1. By the gyration tensor of its Cα atoms, with a ≥ b ≥ c the square roots of the eigenvalues, what is the shape of segment 227-343: rounded for a/c under 1.5, prolate for a/b over b/c, or oblate?
2. Just to check I understand the Karplus step: with θ = phi - 60° and J = 6.51 cos²θ - 1.76 cosθ + 1.60, what whole-Hz values come out for segment 88-94, glycine and proline as x?
3. With labels modelled as points extended 7 Å from the Cα through the Cβ direction, what inter-label distance (nm, one decimal) is found for E176 paired with N198?
4. From the cross-link list K203/K245; K216/K284; K98/K137; K245/K284, which pairs have alpha carbons spaced over 18 Å apart?
5. What is the gain in length, in nm to one decimal, between T300 and E94 on full extension, counting 0.36 nm per residue of separation less the C-alpha to C-alpha distance?
6. Going 7 Å from the Cα of R101 toward and past its Cβ, which residues in segment 121-152 have a backbone nitrogen under 15 Å from where you end up?
7. For E334 and A261, what does the FRET efficiency come to when R0 = 30 Å and r is the distance between their Cβ atoms, rounded to the nearest 0.05?
8. What are the ³J(HN,Hα) values, in whole Hz, obtained from phi via the Karplus relation 6.51 cos²θ - 1.76 cosθ + 1.60 with θ = phi - 60°, for each residue of segment 129-141 in sequence order, with x given for Gly and Pro?
Amino acid sequence: MGTDSISSSFSHLGRKLSDLNINDDSAAFSECNSDGSGEFPTTSSQSRRLLLACASDNSEELISQLISNLQSDNIDDQKQAAMGIRLLAKNKPENRIKIARTGAIKPLVSVISSNDAQLQEYGVTAILNLSLCDENKDLIASSGAIKPLVRALKLGTSTARENAACALLRLSQIEENKTAIGRSGAIPPLVNLLEIGNFRGKKDACTALYSLCSVKENKTRAVQAGIMKPLVELMADFGSNMVDKSAFVLSLLVSTPEARAAVVEEGGIPVLVEIVEVGTQRQKEIAVCILLQLCEDSLTYRTMVAREGAIPPLIALSQTGTSRAKQKSEALIEVLRQPRSVNNAASARTSNVSV
């Protein structure tokens with residue numbers, strides 16, 4: 001399944017809307033660089049010994065011992081081993097390949113399938129840190145990690161859910177994994193995390209959804225999972241620090257008819273017009289791009305956007321915005337004026353008909 005870009009057949013001044021795509025999404029999304037769940041508790045002598053061991057230079061021997069302990073029948077040994085691998089992979093990037101090559105991935109996949117919530121969390125976090133090495137992504141996916149990560153995303157602790165979202169994001173950076181992740185049921189729990197998670201959870205879910213929804217079938221899954229409600233709410237909350245991220249996700253989704261209908265149903269048009277009025281320069285550009293896609297084939301949506309008072313701020317943006325903002329706002333103004341021209345022309349023809 002290929003990826004979709006924001007596109008349109010409508011031409012303005014010799015340029016298609018596909019030429020007006022948003023390409024600066026990288027500034028809106030920060031990648032999951034490593035787990036952010038804090039360091040290990042140091043209240044026990046066992047934890048202190050683990051920290052000291054992980055700080056030593058004798059990592060090969062330690063890695064082998066930790067992998068062996070991952071496969072122990074003793075759950076406490078498994079927890080300590082998963083914690084140790086997590087710490088080694090977090091603090092020393094060179095250890096990530098070493099850990100994977102020594103055979104840690106499959107035992108960790110078994111660990112993240114555990115019914116013990118704490119053990120699952122440690123395993124998910126270790127997998128996340130290992131996934132930060134691009135060379136490990138294929139091995140993690142081929143070792144069967146996707147479905148257990150989705151399970152942790154659904155049922156795990158708050159930290160496990162956030163780190164599972166990050167790990168799935170990392171795996172989704174391999175194109176063929178996007179479809180597999182979507183078909184494994186990741187989209188609904190990501191939408192749930194976007195809606196009810198804390199700030200980090202919302203950010204991680206939004207970033208993962210942005211990556212996954214470049215695939216058409218995942219867009220449909222996201223809309224069916226109810227993504228429009230949290231996206232519109234986050235865009236409406238200028239204090240959420242999520243306006244850009246949620247708008248970029250929406251800009252991917254509105255290429256599908258069901259997404260356009262859903263965003264209108266959730267009250268997205270007034271929110272988008274408000275962003276054009278008072279948002280940052282980048283937010284205004286994203287909002288205009290989304291409104292263009294809503295309006296180009298729908299007289300109803302054009303009328304709704306015009307009635308929300310979009311034309312004055314669009315005119316202002318066409319005069320004072322960046323080059324890209326001017327192009328997009330001018331294109332949208334022309335689209336919004338089409339139904340009026342058509343209606344006026346029809347009225348004129350009617351008035352000239354002799355009775």
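1. Numbers: a/c = 1.79, a/b = 1.16, b/c = 1.53.
Note, shape of segment 227-343 comes out oblate.
2. 4, 6, 6, 8, 10, x, 5
3. The two pseudo-label positions are separated by 3.8 nm.
4. Details: K203/K245 8 Å; K216/K284 25 Å; K98/K137 14 Å; K245/K284 13 Å.
Those over the limit are K216/K284.
5. Values: separation 206, 0.36 × 206 = 74.16 nm, distance 5.67 nm.
Full extension from T300 to E94 adds 68.5 nm.
6. 133-137, 139
7. Values: r = 24 Å, r/R0 = 0.78.
Calculated transfer efficiency: 0.80.
8. For segment 129-141, the Karplus-derived couplings read 5, 5, 6, 5, 8, 4, 5, 8, 4, 4, 5, 4, 5 Hz, x marking Gly and Pro.
Only the coordinates and a few stated rules stand behind these numbers; no lab work does. Every value quoted in this text rests on a predicted model; they were computed, and no experiment measured them. Neighbour counts are summed over all protein chains in view; Cβ atoms, including those assigned to glycine, are modelled from backbone coordinates with ideal geometry.
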